[in-house]
Amino acid sequence: MKNILLTLILVVVTTTSMTANEQDTLWYRFLGRDIYDVDFTPDDQFVIAWTQNLEFWDIETGTMNFHIPYIGLGDFNYDNELIVFSQDSTPKLIDWQTREITEGFVKEEYDFGRIKTAKSKNEFMADLINDDNTIYFWNVNTKQRISEMKFLDTIERDGYKWKRTIHEYDYLGNSDEYIYVVFDDVNSEIDNIPPSEHLRNYFIHIYNVDSKELIDSIFSFQNTSEKFGGFNKIAVLNDRNKIAINNEGGVINFYDVVTKTFYDKLIFDNGAKVNADEIVMSNDSKYIAVSKAHKCCYFIKIFDFNTKELLQEFNGGSWSNLSFSDDNNYLITNIGSTLILYENKWLISSVNGLESSSFTLSPNPAIGNLNIAFILSRPNNIK
């Protein structure tokens, strides 16, 4: 019998002429206020926008369903039942399903920085504004502060006093046994040195949570007066012993905390300087998305995490934050004060479930060429 050759005939039905981004945009909303982060509720029914409020936006209608005013950036707790946030310098909890708020934490002296929650236990950490060289830890169940880690705010290097501040932090390890802290070291804020000698170094330090011991240090990037690329996002992968770091121009490097080795990379922008504004991984580890907004290059790129194949690209917008829905059907992002919801167009794995009138095989039976024709309501990538 001859080998069967498959010929794909794709018929796309559209009613209007649209750009690639318009085709994939379900809705966008101008909020008129800064958007600091985006997320989804665990049931994928609502988009969460962290502005000066905590806002719930209905996915189907694109309307705001609920909000709490004037809060600090928070996070879901370990079992995704509660959102931990701060309001009036005080940690609080909200059940995202019932919208019930739980009080009971002690008011702090200063407002909170970014709250980060552990993923294996009911605990969270944050720094405090005007106390930016200390990270504090709280127990969600007892509503008590349980420990802290204080870091040097100045260091001596190369004959200068360098000012050190915390740039970013999060939990690491599948049992949240580690944290990483990104330090921003600047040599020109204490000593009066010539501009040509100004340096800015970024280090990623990894600590044991219980012992507070420094167990690893990664030099990430250096800014000089002639070369300024900046340091941007680190992403903790779903295997929480591994992180994604953009510390090389146009390249995301993957680092294993346990083995202390860089083990893989993803080239997302050939020839570029360091500037991935966001790196985010889907909950099922299938996809990794990268956004960049720098000079001539503004894009979101979505890659197959295993093969590193580029699946989808959006161009032309200065995107800030990214998040996949739990079922991977949506991607939420923002451009400035505008919230944007995209539908999954980066991969369709099968055509199962299509109506028979939309799916035809010819000739049938086949001994040579086999033609497959089906109709889609909108353009899609087919695999």
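Taking the condition touching a residue at least 12 places away in the same chain (Cβ under 8 Å), closer than 17 Å to ASP88 by Cα and open to solvent by 20 Å² or more (accessible area, probe 1.4 Å), does TYR28 pass? The answer is no for TYR28. Of the strands (runs of 3 or more DSSP E) lying entirely inside the stretch 277-318, those carrying at least 2 residues that are in contact with a strand residue (DSSP E or B) (Cβ under 9 Å, 6 or more places away or on another chain) and open to solvent by less than 10 Å² (accessible area, probe 1.4 Å) are 287-294, 297-304.
Counting only residues that are modelled with pLDDT of 95 or more and charged (D, E, K, R), the stretch 151-173 holds 1 of them.
Of all residue pairs spaced 6 or more apart or on separate chains, those with beta-carbon atoms under 6 Å, a first member in the stretch 179-200 that is closer than 22 Å to TYR169 by Cβ and a second member that is buried (at least 17 other Cβ atoms within 10 Å of the Cβ) and at pLDDT below 80 are ARG200/ASN223. Scanning the stretch 326-347 for residues that are open to solvent by less than 10 Å² (accessible area, probe 1.4 Å), part of a strand (DSSP E or B) and aromatic (Phe, Trp, Tyr) yields a single hit, TYR342. One residue stands out among those in the stretch 148-196 that are among the small types (Gly, Ala, Ser) and within 27 Å of the chain's Cα centre (by Cα): the one that is farthest from ARG240 (Cα to Cα), which is SER175. Among the residues making up the stretch 98-128, those that are in a loop (DSSP other than H, G, I, E, B) and either touching a residue at least 40 places away in the same chain (Cβ under 8 Å) or under 23 Å from the mean Cα position of the chain (by Cα) (or both) are GLY113, ARG114, ILE115, ALA118, LYS119, SER120, LYS121, ASN122.
The values are calculated or read from the model by the stated rules, or taken from the named source; none is laboratory data. In this text the structure is predicted, and so the values were computed from the model without any measurement. No Cβ is skipped: glycine too gets one built from the backbone with ideal geometry, and neighbour counts run over all protein chains shown. Surface accessibility is based on the protein's heavy atoms, side chains included, excluding ligands, DNA and RNA. Shrake-Rupley method; radii C 1.70, N 1.55, O 1.52, S 1.80 Å.
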